[in-house]
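I have placed the structure first, in the form of structure tokens, so that the comments after it can refer back to it.
The values are calculated or read from the model by the stated rules, or taken from the named source; none is laboratory data. Please read these numbers as outputs of a predicted model, since none were measured by experiment. Here the Cβ positions follow ideal geometry from the backbone for every residue, glycine too, while neighbour counts run over all protein chains shown.
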Amino acid sequence: MGSQGINYDEPLLPPQPPPKPKAAHGGGDESSALEDTLTNRDMMAVQRWWLATWLEMRYLVPLAGPALVVYLLNYLISMSTQMFCGHLGNLELAASSLGNNGVQLLAYGLMLGMGSAVETLCGQAYGANKYEMLGIYMQRSTILLTATGIPLMLVYIFSKDILLLLGEPEDIASAAGIFIIGLIPQIFAYACNFPIQKFLQSQSVVFPSAYISAVALVFHIVLSWVVMFKLGWGLLGASLVLSLSWWIIVVAQFVYILYSSKFKYTWTGFSLAAFSGLWDFLKLSTASAVMLCLETWYFQIMVLIAGLLENPQLALDSLSVSTTISGWVFMIAVGFNAAASVRVSNELGARHPKSASFSVVAVTSISFVIALICAILVLIFRYQLSYIFTGGSEVSDAVAELSPFLALSILLNGVQPVLSGVAVGCGWQAFVAYVNVGCYYVVGIPVGALLGFYFNLGVKGLWGGMLGGTIMQTIILLWVTYRTDWEKEVENAAHRLRTWDAKKEPLLN
């Protein structure tokens, strides 16, 4: 991604001047062009569709491209840590897998989920030209997430005892406990990072975050090698470097916001107003958190259950490799998730129902095609995948056996996260949370445990049953999205804006 011809002091979708009262619900000229095209009955349907696709790609590619690069690079930071740990030994790989995928996802899912409330509110406020509230929403979210980090810190401190209580082997639990202690600073980096990230994405400002993440990744790899292999700090050194790398990303992004002129309307400095309306903001944040946590914890539970299977070290190692690769590809879909959320919330705020629905189709289609390509590559290189993380044919054969499940997971991840992004853009978090409870925890986990333990299918049975829950959830979200009344969603967004105009409170129902 070259830097020639790019002016980093100009946003990809430039902010308009401070809005006049009459234009409170107006959209930008580019967004209006898409809506005008989709509603133009003088054009042939095919011509209208091609022009609309071209316009949507002009909005989507500069947003989704850098966004997915940001998520991929950030995930590579954690993934590279696991790779370094794997080259210390199989025990260290199992411990870092349990720490990263079993415990750290607790904080990641909760923080990212609560931060998703900023996507709904900032996205719709930006689409309706309510620029001054974006910085307030970011600060409110940071306050709530930091407070949430305190009880999470206690979980990290007592992680070894918790893992032993859950039945994990003592050697793996002890090593994982050491690794997790070094991740405590990362909790509070998440608390700052996700609100900042959503604040930037809602304004279609994503290139700077991509460059910051790229620099942080290089720094992380070099420092991890020095700390783990030259200084011999092992698992604790690996997790401390991981935490430091996340703090570098946070500080760099915030400094960029402070000194970039593009945020002169959306960031007006620290304000005591951030402490008002916290209860209402917490309600939407909680709905967002429950929605996402039920997804991220789903596979976290699979990792924890895998530690109870026969030969837990091999089960955890093979599952670690598979879920890490799945997670890396999943970050592509998360990038499209962010793009879908921004596009839908901006268009709803601008009162463009046709554009919002068209964006959903475009983003979902592109994400699925990319996922299909990745799934095919996984099947082709199934015997080589594990050697990126650790040596030995035993783990390689186990990963190859799991490759069909990995490929299917990647395909589903090409659609489901994007639909969740649509839900965030529309403010449907509570509904999706109910869907996740039913599909994941009433169907997926019980069926997976039954196949894995009662029918002795091991990791394959566990993963297969849980994939059934994911398939159910994806079908339901597809149906609900297909049946959505976008005119009504525009009115719902307008209601939030009228509430803000009257009370200067968060954009909540």
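Annotations for the structure displayed:
- Within region 232-268, considering residues that are in contact with a Leu (Cβ under 9 Å, 6 or more places away or on another chain), of a type outside the set (A, V, I, L, M, F, W, C) and not in a helix (DSSP H, G or I), the one surrounded by the fewest Cβ atoms within 10 Å (Cβ to Cβ): Tyr265
- For region 400-427, filtering for residues that are at pLDDT below 85 and aliphatic (A, V, I, L, M) leaves 5.
- Pairs, first touching a residue at least 40 places away in the same chain (Cβ under 8 Å) in region 61-79, second of a type in the set (Gly, Ala, Ser) and outside any helix (DSSP H, G or I), C-beta under 8 Å, six or more apart: Pro62/Ser204; Leu63/Ser204
- Selected residue (only one of Leu93, Leu163, Leu112, Leu152 is farther than 19 Å from Ser341 by Cβ and surrounded by fewer than 24 Cβ atoms within 10 Å (Cβ to Cβ)): Leu152
- In this structure, Ala430 does not qualify as crowded, with 18+ Cβ neighbours inside 10 Å and either part of a loop (DSSP other than H, G, I, E, B) or out of contact with any Asp or Glu (no Cβ under 7 Å at 6 or more places or on another chain) (or both).
- Filter result for Thr323 (of a type in the set (Val, Ile, Thr) and at pLDDT 75 or above): yes
- Test: residue in region 373-388 that is free of Cβ contacts under 8 Å to residues at least 24 places away in the same chain, part of a helix (DSSP H, G or I), out of contact with any Phe, Trp or Tyr (no Cβ under 8 Å at 6 or more places or on another chain) and closer than 21 Å to Ser97 by Cα: yes
- Number of the exception - Ala176 against (1) within 28 Å of Trp233 (Cβ to Cβ); (2) crowded, with 22+ Cβ neighbours inside 10 Å; (3) out of contact with any Asp or Glu (no Cβ under 8 Å at 6 or more places or on another chain): (3)
- In region 44-54, the residue that is farthest from the chain's Cα centre (by Cα) out of those that are surrounded by fewer than 21 Cβ atoms within 10 Å (Cβ to Cβ) and touching a residue at least 12 places away in the same chain (Cβ under 8 Å) is Leu51.
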